[in-house]
Structures are given as C-alpha cells and as structure tokens.
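**Student:** Okay, here's the structure, questions in a sec.
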Amino acid sequence: MVHIDEIYMQTMRPDWPDKFVTNLDWNLLRTFVVIVQEGSITAAATRLLLRQPTISLALQRLEIHMGNRLIERGRGTFRLTAVGRELYRECVDIYGGIAHLKDVANSAAQEITGEIRVVLASHVITPLYDDLLASFHIEHPKVTYKINIDTSVEVARHVLDKSASLGICLLNKKLPQLDYEIIYREFFGFFCGPPHPLFGKKNLQIEDLRDHVAVSFGTDDMADALRPVALLRRQHELGQRIVGQSQHLEEVKRMIMCGLGIGPLPIHVIERDVRDGLLWRLPPYDDPPAVDIYLVTNPRKRHNQAESGFIEALQSKIAVQPMDERTYL
C-alpha cells in the first residue's frame with residue numbers, strides 16, 4: 001500500500017493541481033461529508049446503504065488523494081484533524097454550490113423561476129405559511145416546489161448541508177451556523193380515542209391519567225424538542241409507559257384513535273377530530289405545554305431568486321404579525 005507521506009511528496013510536483021482536480025472522485029467528498037455528519041464509519045455506511053469496508057476504503061482513498069490524514073480514528077477515537085475540518089467546511093460549500101447550479105441559468109431571467117426545497121416537521125399547521133404558499137404561487141407561477149417531511153433534527157441537518165432552501169420545525173438545540181425565527185406557538189394537549197376507558201369522561205383531573213399507557217412522538221423527551229410535554233409528565237408523576245412512537249403526527253393520532261394509549265397532539269391541529277368524536281381531550285385543560293415552531297435558514301447558502309423571495313416574504317409576514325396572532329390554542 002502506498003503511504004500517505006509518499007503521496008504528499010508527489011503533490012509537490014508543478015503539474016499536481018491539474019492532476020488533483022482531474023483525478024479526484026467527487027463521490028469521495030460526499031462520503032466524507034456523511035462520515036463527519038454521522039460521526040462514525042458504521043453510521044455512515046448505514047445512511048448510505050453501503051458496507052462498512054466500502055466506506056473505510058473511500059475515506060482511505062480520499063486521504064491518499066489529499067496527502068493528509070483527515071480523521072484520527074482508533075479504539076475509542078474518532079475526531080477530525082485540522083485538514084479534515086477545513087476540508088469538511090469546503091465540501092459543504094461545494095455541495096451547496098452544486099445544488100445551486102440547476103437554477104443558475106434561470107437567475108438572470110426577468111421572471112422569477114427556480115425550485116424551492118422546503119423540509120417540514122410533520123405537524124406544521126399555520127395559516128401564515130399556507131397563505132404565503134398560495135400567494136407566492138399566484139405571483140410566481142413558474143416557481144416549483146419540493147416539500148418533504150422529516151424529523152426536526154433532520155430538518156436542521158438538511159438546512160445545514162444546504163440541500164434545503166429552508167426548514168420549519170420544532171427546536172431541540174440551536175446550531176450556531178443557522179438562523180432561527182419563531183413562526184408560531186402551539187399548545188399540546190393529551191387525547192385518547194374511542195376504545196380508551198377515559199373516552200367521553202368529563203371533569204377528569206391530571207391524576208386520572210396516571211399509569212395509563214401512552215403513545216407519543218420520538219421527540220417526547222426531557223432532552224428533545226417536546227421537552228414541555230415530557231416535563232409535564234414528570235411534574236405530575238404520571239408514570240406513563242410509552243407503548244408506541246412515531247415521528248409523524250398522523251401515525252401518533254392513528255395510534256391514539258385505535259386505543260393504544262393516551263398521547264399528546266397540537267390542540268389546534270386536531271380540533272375537527274375532536275368535534276367529529278374521533279378524539280377526546282384530557283387534562284390538563286388549563287395551561288397546556290407550549291411549543292414554538294421555527295423557521296430555520298442557512299445564512300451561508302447561496303439562494304436562487306425563488307428561494308430568496310420566498311424566505312424574505314415569510315420573514316416579512318412574521319415581522320408584521322404580532323406573536324399573539326401567531327399563537328394557536
């Protein structure tokens with residue numbers, strides 16, 4: 001095997017820069033980005049649906065090509081070298097630029113065109129966003145949209161790696177590379193479905209929920225985005241055993257309706273289901289836990305005209321509408 005130091009000596013040749021670019025397998029850069037994001041070879045292999053030796057070989061090939069070790073790895077050790085950190089920053093910019101290429105030809109056109117890529121948490125329901133989507137389409141009919149649903153953590157990751165124009169999600173922790181603005185505030189209540197023994201019962205107390213099994217979101221944890229819900233359980237010592245989890249509101253709602261257990265849902269989102277007798281509101285009826293939903297953007301991403309216009313229009317709506325009008329209970 002050729003040692004990295006030997007490759008480094010070859011990079012000192014005058015014709016090396018041209019050969020470096022010509023011979024570089026750009027797929028290695030993408031693999032490197034995923035390795036860094038996942039924090040391990042094994043996790044990167046799982047995400048890329050490849051075998052672990054394939055990922056290890058790709059990293060080794062890139063290190064040989066770069067003439068430097070990029071990640072210090074060994075028993076209990078996995079950290080980026082100084083060269084690795086700098087390469088990762090450059091790779092993120094490279095892939096942001098590649099994602100931007102599709103719209104470059106349209107950027108100079110008088111009529112706004114381009115694609116807007118939005119990643120949302122599964123229960124984003126607000127007239128503010130819906131009204132903007134409708135009006136922006138009327139004003140700019142040639143703009144196209146790709147809208148995907150993901151977990152709040154993945155929403156932030158998509159915005160961070162510049163594969164999304166913007167994200168709308170709950171917040172676990174703020175990443176310093178991203179910008180955050182509260183779009184709206186919602187409140188979570190506990191609900192049960194028709195098969196549940198508490199369905200239809202009135203004048204219940206929070207203690208009546210104690211020891212009933214529950215279903216919930218994957219983020220319902222003291223260290224995650226639905227911390228207010230988890231904190232309520234802890235404060236009242238409900239002791240609920242979680243028997244079902246999902247990242248998607250529709251699946252959490254389905255499990256509640258089917259009687260698997262009590263579960264938290266945004267109150268304003270499921271008002272119709274309550275009116276239709278498909279769900280029953282449980283305590284607490286006063287001061288339910290509040291959760292903020294954020295607009296997440298990346299200030300380092302080069303946006304096309306459509307992306308810039310959409311984000312600016314959404315930020316303008318947020319700025320002019322008081323918080324109490326963006327609070328749904």
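The values are calculated or read from the model by the stated rules, or taken from the named source; none is laboratory data. The model shown is predicted, which means the values in this text are computed figures rather than measured ones. Counting neighbours? That spans all protein chains shown, and the Cβs are built from the backbone with ideal geometry, glycine included.
**Student:** Is it true that some residue in the stretch 62-77 is closer than 26 Å to Gln321 by Cα and either in contact with a strand residue (DSSP E or B) (Cβ under 6 Å, 6 or more places away or on another chain) or outside the structural domain of Glu312 (by TED's automatic domain parsing) (or both)? Working first, answer last.
**Tutor:** Applying the first criterion (closer than 26 Å to Gln321 by Cα) to the stretch 62-77 yields none.
Scanning the stretch 62-77 turns up no residue that is closer than 26 Å to Gln321 by Cα and either in contact with a strand residue (DSSP E or B) (Cβ under 6 Å, 6 or more places away or on another chain) or outside the structural domain of Glu312 (by TED's automatic domain parsing) (or both).
**Student:** Could you please give the count of residues in the stretch 36-51 that are touching a strand residue (DSSP E or B) at 6+ places or on another chain (Cβ under 7 Å) and either over 17 Å from Ala156 (Cα atoms) or in a helix (DSSP H, G or I) (or both)?
**Tutor:** From the stretch 36-51, those touching a strand residue (DSSP E or B) at 6+ places or on another chain (Cβ under 7 Å) are 36, 39-40; that's our starting set.
So of that shortlist, the ones also either over 17 Å from Ala156 (Cα atoms) or in a helix (DSSP H, G or I) (or both) come out as 36, 40.
Qualifying residue count for the region: 2.
**Student:** I'm trying to understand the selection: among the residues of the stretch 186-211, which are in a strand (DSSP E or B) and surrounded by fewer than 16 Cβ atoms within 10 Å (Cβ to Cβ)?
**Tutor:** Within the stretch 186-211, none qualify.
**Student:** Could you list, in sequence order, the residues of the stretch 55-72 that are buried (at least 16 other Cβ atoms within 10 Å of the Cβ) and in a strand (DSSP E or B)?
**Tutor:** Within the stretch 55-72, Ile71 is the sole residue that qualifies.
**Student:** I would also like to ask the following. Given the condition at pLDDT 90 or above, out of contact with any His (no Cβ under 7 Å at 6 or more places or on another chain), under 22 Å from Ile168 (Cα atoms) and assigned to a loop (DSSP other than H, G, I, E, B), answer yes or no: does some residue in the stretch 128-142 qualify?
**Tutor:** Looking through the stretch 128-142, at least one residue is at pLDDT 90 or above, out of contact with any His (no Cβ under 7 Å at 6 or more places or on another chain), under 22 Å from Ile168 (Cα atoms) and assigned to a loop (DSSP other than H, G, I, E, B).
**Student:** Quick check, is Val229 β-branched (Val, Ile, Thr), in contact with a helix residue (DSSP H, G or I) (Cβ under 6 Å, 6 or more places away or on another chain) and over 30 Å from His137 (Cβ atoms)? Walk me through it before giving the result.
**Tutor:** Working: β-branched (Val, Ile, Thr): yes; in contact with a helix residue (DSSP H, G or I) (Cβ under 6 Å, 6 or more places away or on another chain): no; over 30 Å from His137 (Cβ atoms): yes.
Answer is no for this residue.
**Student:** When you look at Phe191, is it at pLDDT 95 or above and not charged (D, E, K, R), yes or no?
**Tutor:** Values: at pLDDT 95 or above: yes; not charged (D, E, K, R): yes.
For Phe191, the condition - at pLDDT 95 or above and not charged (D, E, K, R) - is met.
**Student:** In the stretch 308-322, which residue that is among the hydrophobic types (A, V, I, L, M, F, W, C) and surrounded by 11 or more Cβ atoms within 10 Å (Cβ to Cβ) is farthest from Gly114 (Cα to Cα)?
**Tutor:** Quick first cut of the stretch 308-322, residues among the hydrophobic types (A, V, I, L, M, F, W, C) only: 310-311, 313-314, 318-320.
Filter once more, keeping what is surrounded by 11 or more Cβ atoms within 10 Å (Cβ to Cβ): 310-311, 313-314, 318.
Details: Phe310: 11, Ile311: 14, Ala313: 16, Leu314: 17, Ile318: 24 Å.
Checking each candidate, the answer is Ile318.
**Student:** So which of Val296, Val274 ends up being modelled with pLDDT of 95 or more, assigned by TED's automatic domain parsing to the domain that holds Val159 and within 26 Å of Leu226 (Cβ to Cβ)? Walk me through it before giving the result.
**Tutor:** On the way: Val274 fails: assigned by TED's automatic domain parsing to the domain that holds Val159.
The match here is Val296.
**Student:** Among what's in the stretch 212-234 and is within 18 Å of the chain's Cα centre (by Cα) and part of a loop (DSSP other than H, G, I, E, B), pick the residue that is surrounded by the fewest Cβ atoms within 10 Å (Cβ to Cβ).
**Tutor:** Ala223
**Student:** Got a sec? Which strands (runs of 3 or more DSSP E) wholly within the stretch 235-300 have at least 2 residues that are closer than 20 Å to Pro197 by Cα?
**Tutor:** Because the criterion is at least 2 residues that are closer than 20 Å to Pro197 by Cα, the strands (runs of 3 or more DSSP E) in the stretch 235-300 that meet it are 242-246, 263-266, 280-282.
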